[in-house]
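The values are calculated or read from the model by the stated rules, or taken from the named source; none is laboratory data. Keep in mind that this is a model prediction, so the values were computed, not measured. Every residue, glycine as well, gets a Cβ built from its backbone with ideal geometry; the counts of neighbours run over all protein chains shown.
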Amino acid sequence: MSRRLIAPSLALLVALVLGFVAFAGDDSPVLVDTSRTDASPLEDDVPSSERMASLRVESDAGLSVGDPDAPMVMVAFESFGCLWCGVFHRETLPMVLEDWVDTGRLRVETRLLPYEPRAVPGARIAAAAAQQDLYWELAEHLYPFIAGTDAPPMGRELTPAELAAYQVRQSEGALLGQAELVAEQIDLDMDRLRSDLAEQSTAEIVEHDQQLAWELGFTGTPAFVVNGVPQGGYSGPERFSAFLQAVYDASEG
């Protein structure tokens with residue numbers, strides 16, 4: 001494929017991001033409603049390359065896309081079991097890739113955060129796919145699957161039927177079934193995927209990223225840190241583009 005797609009002190013950063021939570025503990029996604037906020041996304045923080053040092057993903061991990069020398073780096077915490085990550089990939093990421101990654105201004109690096117036990121299979125499948133350097137290719141198919149085909153439930157809770165369907169879609173069996181359907185198309189070795197999925201080292205990748213996210217105060221997904229500036233919860237293309245532009249302008253200044 002021509003484009004790989006669908007990606008100071010720690011205490012200070014923790015304090016800044018504790019309020020950004022995308023999920024409640026009962027499995028019911030809670031939208032972070034940014035539409036009623038007129039404040040600048042930089043009022044509480046400024047870009048800092050030092051803060052990014054411990055967050056960066058290894059260049060050979062198969063979890064990055066974009067110019068390694070881009071002036072901005074976005075570390076995104078997500079997993080294949082996340083409804084709002086799926087919505088972000090469907091609604092917002094295409095804009096991020098076209099306007100920011102393809103223009104050389106942004107590099108996206110993914111870390112894996114299962115926000116509750118049912119999201120663990122999705123995170124581990126993502127880590128296993130990355131070992132074949134196929135995270136982004138599989139993401140193109142699994143994120144639309146986990147998001148479903150309906151419009152995102154903006155400003156409301158999922159209905160019982162929606163929640164039940166979402167819980168089925170984030171299961172290991174359902175996600176592997178979808179991976180199987182596209183394996184030939186993206187050159188994914190399913191035998192290796194299942195083998196890597198069973199390895200303790202794959203679980204440890206997820207556990208490391210999960211611990212890092214918790215240390216930052218992130219307990220839900222998607223969550224982002226761009227040039228040291230945190231942003232939690234789902235944002236649509238317009239709002240997220242404004243956030244990136246504000247960080248870019250501040251970084252350049």
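Structural remarks
- Residue that is nearest to PRO71 (Cα to Cα), among those in the stretch 210-221 that are out of contact with any Ser or Thr (no Cβ under 9 Å at 6 or more places or on another chain) and either of a type in the set (Ser, Thr, Tyr) or crowded, with 24+ Cβ neighbours inside 10 Å (or both): LEU216
- Checklist (1) surrounded by fewer than 20 Cβ atoms within 10 Å (Cβ to Cβ); (2) modelled with pLDDT of 90 or more; (3) under 25 Å from VAL75 (Cα atoms) applied to ARG107, failing item: (1)
- Every test in (1) farther than 26 Å from GLY62 by Cβ; (2) loosely packed, with under 15 Cβ neighbours inside 10 Å is passed by LEU158 save one, and that test is (2).
- Every listed requirement among (1) among the β-branched types (Val, Ile, Thr); (2) at pLDDT 50 or above; (3) surrounded by 22 or more Cβ atoms within 10 Å (Cβ to Cβ) is met by ILE6 save one, (2).
- Test: residue in the stretch 145-166 that is polar (S, T, N, Q) and either outside any helix (DSSP H, G or I) or farther than 15 Å from ALA129 by Cα (or both): yes
- Counted residues, the stretch 49-74 - those being part of a loop (DSSP other than H, G, I, E, B), hydroxyl-bearing (Ser, Thr, Tyr) and closer than 16 Å to PHE224 by Cβ: 1
- ASP249 vs. criteria surrounded by fewer than 18 Cβ atoms within 10 Å (Cβ to Cβ) and either on the phi > 0 side of the Ramachandran plot or aromatic (Phe, Trp, Tyr) (or both): no
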